[in-house]
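One structure follows; several queries about it will come next.
The values are calculated or read from the model by the stated rules, or taken from the named source; none is laboratory data. Keep in mind the model is a prediction, meaning the values are calculated, not measured. With ideal geometry, Cβ positions are generated from the backbone for all residues, glycine too; neighbour counts draw on all protein chains shown.
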Amino acid sequence: MAMSGAPLLKSDAAPAPPPSFRLPIAWVAAGAVFVLFWLYAKPVWPAAFEYPKTHVVKLAKWISAAMKWLIDEASFGLFSFTDFTRFVSAVLDVPYTLAASLLSTGFLEGSGSSAIQIVPPLPCVAVIGLVMLLGHWLGGISLALLAGGCFLFLAVFGQWTSAMITLASILVAAPLGVVFGLLFGIAAWRWRWVERVIAPVLDLMQTIPVFAYLVPVLFLFGFGPTAAVIATLIFATPPMTRIAILALRAVPSEIIDLGNMVGCTDRQMTWRVMVPAARESLMVGMNQVIMLSLNMVIIASMIGAGGLGFDVLAALRRLDFGAGLEAGFAIVALAIAMDRLSQAAAEKLSAPAAGNQTSGLVARHPHLAAALGLVLITVVLGYAVPAIHTYPEALQLSTGTFWSEVVAWININYFDALEAIKNTMLLNVLIPFKRFLGDLPWLGVTAFLGFAGYRLGGWRLALLTVCLPLFIAVTGQWEKAMITVYLCGISAAIAALIGVPIGILSATRDRIWSGVQVAIDTLQTLPSFVYLMPAVMLFRVGDFTAMIAVVAFAVAPAIRYTALGIRKVDPRLIEAGRAMGCTEWQILTRIRLKLALPEILLGLNQTIMFALSMLVITALVGTRDLGQEVYIALTKADTGRGLVAGLSIAAIAIVADRLISAGASHTRRRLGLE
Amino acid sequence: MTTPEARLVCRNVWKLFGADAAAFLAQHNGRPEAAAIARAGLVGAVRRVDLDVHEGEIFVIMGLSGSGKSTLVRLMSRLIEPSGGDVLFKGENLLKLSQSRMIEIRRHQMGMVFQHFALLPHLTVLDNVAFPLDIQGMNRPAREARAREMIDLVGLNGKESAFPRQLSGGQQQRVGIARSLAVEPEIWFLDEPFSALDPLIRREMQDEFMRLQTKLHKTIVFITHDFDEAIRLADRIAIMKDGEIVQAGTPEEIVLTPATSYVAEFTKNVARAKVIRTRSLMVPADSGSVEGPVVSARSTIADAAPLFLDGVAHLGVTDDAGELIGRLDRETVVALMLQG
């Protein structure tokens, strides 16, 4: 048995006939080999089960050392690397301070507690009015009311100051994210080698948890709002880059021919032809960047973003659910307003209306004129009537105590029931599964993943699915990685068990689907932290709580992809099925579900990705997986530890993603859909 | 008759898709056989094309989908880089030109109309038509004046500030035509310009196109998959199949003497009378020897036939200068018309 799984697999897989034919036999054989290895190899070869500590590569230490060198010694000659990064944050600080002063703090003289306000910030009436005007311009009266309502909510519930700080950082981060993403996207579109360099980085950035690069950002850019803006940029730029590349690719070739035929230079081609022609999709990217920036709000507050994120985090730390929930609601209100406004902006700006012919500055720009007027009047009035400037405290509502009481009431009355549910789940499902995974030999798992990679996607995929688990084992993360897999796997499975049936049920019923769609759209606008709070309130800290939060977050893609997959099935096939006399049940199982299988698989893939990204956040409630490792590294400011754990999470995500995608396209080929 | 000047000349032009196509072509002395191409794993999109486009003529390249016609027109303007051969435009070999000289030529001497219009969605009709001028750096008043002229020419007045998506397909293609003419090109490429339109609109646009051409006398390369469109519009036609030109000639030559059975498939349902011109059926005659009504030597038999309704036995045939050059007999015409 000293032969490891890998050589065994080689002899098994080498004379492989076309994959689709002998597929089940090969899988069963590989599975059997794996089980035998797992059951009987332990006494003979313990190293295959527990990675020997002496051979752990101290990658974390090396990274930390490299980081230290970068900070202390690296230099470009005239100035050191640290000088450079501090310069970047100083530059970014200018627009941020401007936005924050305007919206929240006012313009100050001096610093710290001795600072004196020279000019007050914009009155809250003015901000609400501006948002409503913007809403009216972009999407008419209903959008104006929605956006205004959301902002009024912030004022009424006493979240105004924090919310404006958050808004300021988004107003700085989002445009920069869009610009950088667009520039990277253009570069990748124009030069093939740039794309080759960028593509793997994009993949990695999409899967590596944000926490992992908070520490290096903290070291390089210092603690404070600008560092938070940079972290947000790192988080939000890759998706924009991806969208930009796709959008530019999707421009019809005739348009490119046109550009060449009229004699565009490269620069004209990019800015006069390609970017405008891709405008519609680029606008979707803008919305994405804004939403991702909002999603970062809480995480970024760990390195000094302040604002609502900080409020939530602080409340969570002192277990003050009421306050946390209120700040959480405020983030949601902000998210909804920003989402709808940016969607309307995308629509408005990509579908130009006929030119306005009326003359006169005010008549041509009524919204701009009204905005200027509003600001002038409210600022002046604000000095006389304080209520216009700052929402009066007497009129503020707080539901914080109410929520705390509700939670207390639930816990008093239903404590036993909740506890019973939690314990049953823990004892019968969670813990056995965790033990099972912990018991598996790392070498066997790696070999089996390699086999799966080979069967589904050939040697290249096999190489990937072997190397990434090896990386985890070699850096000494295997045990924690298995806990991550366990939590993520169980949560994704439950999310799929809930989501897929809902998707199936709602897919064929238009009215239910439109309702469900609104629900999952809203769920996806919410920052992931929000999911954590109710779970913590009811089940306190621990794996079960983490699981509930992850399931709540990851159920949306399962529903969406299932429903879309089923709805996409060619109606002529359904008709054909009916004509052959299929019952509805037969149509569902024999036609719809079968043909929707690849989509459902992709939905599962997304569910797993969502679960993994949420998992790191649930580290706050005391799980013991890689997420916790990253989180601890953050609190200890240990760059290497955080990055290695983060890369391991990315490795798990990439392996799962590649295997499932390969499986999906395999299925599609088998179904003749490709 | 003087030979008209060749504006655009293709000499042994090739486009092979696949790795190292140019090297492969050089190895085979620039003329590989089809079997050799297939063996090397290459795809021969355009093969050994030789053709001349004359000053002021409508040269139609006709072929079914996949015949390489769209590739060929892009090789002529170097939108696609040929694997081998020469493309001479007014005697200058386009393939040897620098990037900047090529941009210069495209800006001032070439115009192109696209199958799916290729209008920029974010610009108004006026800005779309003015776009090529804007790219050249022409100032706003000048380019807008020119664009308005072009919009006027294609009959879209009043639509200047509309956006493409607010127009019908036919109107969008009129914008495309106006835009391609805005730079006063010396050669005008039209890549299946009417294929995406409804049959009725297509007919209308063909008439419009002929009206424009009688006014402008451009040198035109016109791509189509529609044989009827080809014989309707062409001065000369080249028929493509599998990347090669199987026959080139006037519509008349092609209909009367199809070179291969493939070409004959297209021509067999074409009414002869609509293609054959009076010049081909006339009996030469001296000036003054024929009395009665006259027709132009350029008219088709179908156009001339109604004149026989009055019971005349023959018509006089005149050349472009109005000089009598021949006699067209009633029996010849009837015989042809009865053949269908």
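Look at A:TRP189 and say whether it is more than 23 Å from the chain's Cα centre (by Cα), touching a residue at least 12 places away in the same chain (Cβ under 8 Å), part of a helix (DSSP H, G or I) and within 30 Å of A:PRO276 (Cα to Cα).
Yes.
Still on this structure, I have one more. Determine whether B:ALA130 is more than 10 Å from chain A (Cβ to nearest Cβ), touching a helix residue (DSSP H, G or I) at 6+ places or on another chain (Cβ under 6 Å) and outside any loop (DSSP other than H, G, I, E, B). First the steps, then the outcome.
On the way: more than 10 Å from chain A (Cβ to nearest Cβ): yes; touching a helix residue (DSSP H, G or I) at 6+ places or on another chain (Cβ under 6 Å): yes; outside any loop (DSSP other than H, G, I, E, B): yes.
Yes, satisfied.
Quick one: how many residues across the range B:159-169 are away from chain A (no Cβ under 11 Å) and within 22 Å of A:MET261 (Cβ to Cβ)?
The qualifying residues number 2.
Any idea which of (1) farther than 17 Å from B:TRP188 by Cβ; (2) buried (at least 18 other Cβ atoms within 10 Å of the Cβ); (3) of a type in the set (Gly, Ala, Ser) is the one B:ALA118 doesn't satisfy?
All conditions are met except number (1).
Looking for whichever is under 27 Å from A:LEU626 (Cβ atoms) and more than 15 Å from the chain's Cα centre (by Cα) here; the options are A:VAL273, A:VAL215, A:VAL284, A:VAL179. Which one fits? First the steps, then the outcome.
Details: A:VAL273 fails: under 27 Å from A:LEU626 (Cβ atoms); A:VAL284 fails: under 27 Å from A:LEU626 (Cβ atoms); A:VAL179 fails: under 27 Å from A:LEU626 (Cβ atoms).
Checking each option against the conditions leaves just A:VAL215.
Still on this structure, please answer the following. Answer yes if at least one residue in the range A:252-269 is of a type outside the set (Lys, Arg) and away from chain B (no Cβ under 11 Å), and no otherwise.
Start the filter on the range A:252-269 by keeping residues that are of a type outside the set (Lys, Arg), which leaves A:252-266, A:268-269.
Still in the list and also away from chain B (no Cβ under 11 Å): none.
Within the range A:252-269, none of the residues are of a type outside the set (Lys, Arg) and away from chain B (no Cβ under 11 Å).
Going through B:VAL73, B:VAL60 one at a time, which residue ends up being within 14 Å of chain A (Cβ to nearest Cβ), touching a Phe, Trp or Tyr at 6+ places or on another chain (Cβ under 6 Å) and at pLDDT 90 or above?
So the residue among B:VAL73, B:VAL60 that is within 14 Å of chain A (Cβ to nearest Cβ), touching a Phe, Trp or Tyr at 6+ places or on another chain (Cβ under 6 Å) and at pLDDT 90 or above is B:VAL73.
With respect to B:LEU88, determine if the residue is more than 29 Å from B:MET138 (Cβ to Cβ), away from chain A (no Cβ under 11 Å) and modelled with pLDDT of 90 or more.
Criteria not met by B:LEU88.
Give me the residue from the range B:37-70 that is surrounded by 13 or more Cβ atoms within 10 Å (Cβ to Cβ) and part of a helix (DSSP H, G or I) and, out of that set, farthest from the chain's Cα centre (by Cα).
My answer is B:ILE37.
For the range B:78-98, give me each residue that is in contact with a Lys or Arg (Cβ under 7 Å, 6 or more places away or on another chain) and part of a loop (DSSP other than H, G, I, E, B).
Residues satisfying the conditions are B:ILE80, B:PRO82, B:SER83, B:LYS90.
If a residue must be over 22 Å from A:ILE336 (Cα atoms) and at pLDDT below 80, how many such residues does the range A:92-120 contain?
Going through the range A:92-120 one residue at a time, the tally reaches 16.
While we're on this one: Considering only the range B:76-123, how many residues are under 17 Å from B:ARG7 (Cβ atoms) and among the aromatic types (Phe, Trp, Tyr)?
The number of residues fulfilling the criteria is 1.
May I ask you to say which residue of B:THR267, B:THR318, B:THR260 is touching a Pro at 6+ places or on another chain (Cβ under 9 Å) and polar (S, T, N, Q)?
B:THR267
Additional query: For B:ILE80, state whether it is farther than 23 Å from B:ALA182 by Cα and either at pLDDT 95 or above or within 11 Å of another protein chain (Cβ to nearest Cβ) (or both). Don't jump to the end; show me each part of the working.
On the way: farther than 23 Å from B:ALA182 by Cα: yes; either at pLDDT 95 or above or within 11 Å of another protein chain (Cβ to nearest Cβ) (or both): yes.
Considered against the rule, which asks whether it is farther than 23 Å from B:ALA182 by Cα and either at pLDDT 95 or above or within 11 Å of another protein chain (Cβ to nearest Cβ) (or both), B:ILE80 comes out as yes.
Tell me, which residue of the range A:270-297 that is in contact with a Gly (Cβ under 8 Å, 6 or more places away or on another chain) and over 30 Å from A:PHE310 (Cα atoms) is farthest from the other protein chains (Cβ to nearest Cβ)?
For the range A:270-297, the residue satisfying everything is A:MET274.
Among (1) under 19 Å from B:GLY111 (Cβ atoms); (2) more than 12 Å from chain A (Cβ to nearest Cβ); (3) in a helix (DSSP H, G or I), there is one condition B:LEU156 misses while meeting the rest; what is its number?
Unmet condition: (3).
For the structure I just gave you, tell me whether A:ALA371 is small (Gly, Ala, Ser) and within 20 Å of A:LEU154 (Cα to Cα). Working first, answer last.
Details: small (Gly, Ala, Ser): yes; within 20 Å of A:LEU154 (Cα to Cα): no.
So A:ALA371 does not fit the description; no.
Looking at B:THR278, B:THR257, B:THR224, which is the one that is more than 19 Å from the chain's Cα centre (by Cα) and surrounded by 21 or more Cβ atoms within 10 Å (Cβ to Cβ)? Break it down into steps so the answer makes sense when it comes.
Numbers: B:THR257 fails: surrounded by 21 or more Cβ atoms within 10 Å (Cβ to Cβ); B:THR224 fails: more than 19 Å from the chain's Cα centre (by Cα).
Residue meeting the stated conditions: B:THR278.
Could you say which residue among A:VAL284, A:VAL273, A:VAL297 is touching a residue at least 12 places away in the same chain (Cβ under 8 Å), hydrophobic (A, V, I, L, M, F, W, C) and surrounded by fewer than 21 Cβ atoms within 10 Å (Cβ to Cβ)?
One residue alone meets the criteria, A:VAL284.
Would you list the helices (runs of 4 or more DSSP H) that sit entirely within the range A:562-674 and hold 2 or more residues that are buried (at least 21 other Cβ atoms within 10 Å of the Cβ) and either at pLDDT below 85 or not acidic (Asp, Glu) (or both)? First the steps, then the outcome.
Numbers: elements: A:571-579, A:593-618, A:626-635, A:639-670.
The helices (runs of 4 or more DSSP H) meeting that bar are A:593-618, A:626-635, A:639-670.
Further, regarding this structure: Hey, A:CYS264 hits all of (1) assigned to a loop (DSSP other than H, G, I, E, B); (2) surrounded by fewer than 23 Cβ atoms within 10 Å (Cβ to Cβ); (3) not acidic (Asp, Glu) but one; which does it fall short on?
Result: A:CYS264 passes all but (2).
Test of understanding: among B:ARG143, B:ARG101, B:ARG106, which residue is in a helix (DSSP H, G or I), within 11 Å of another protein chain (Cβ to nearest Cβ) and buried (at least 20 other Cβ atoms within 10 Å of the Cβ)? I'd like the intermediate steps shown before the answer.
Working: B:ARG143 fails: within 11 Å of another protein chain (Cβ to nearest Cβ); B:ARG101 fails: buried (at least 20 other Cβ atoms within 10 Å of the Cβ).
Only one candidate qualifies: B:ARG106.
Is there any pair with a first residue in the range A:642-662 that is free of Cβ contacts under 8 Å to residues at least 60 places away in the same chain and a second that is in a helix (DSSP H, G or I) and of a type in the set (A, V, I, L, M, F, W, C) whose Cβ atoms are under 7 Å apart and which are 6 or more apart or on different chains, and what are they?
Filtered contacts from the range A:642-662: A:ALA656/A:ILE608; A:ILE660/A:LEU601; A:ILE660/A:LEU604.
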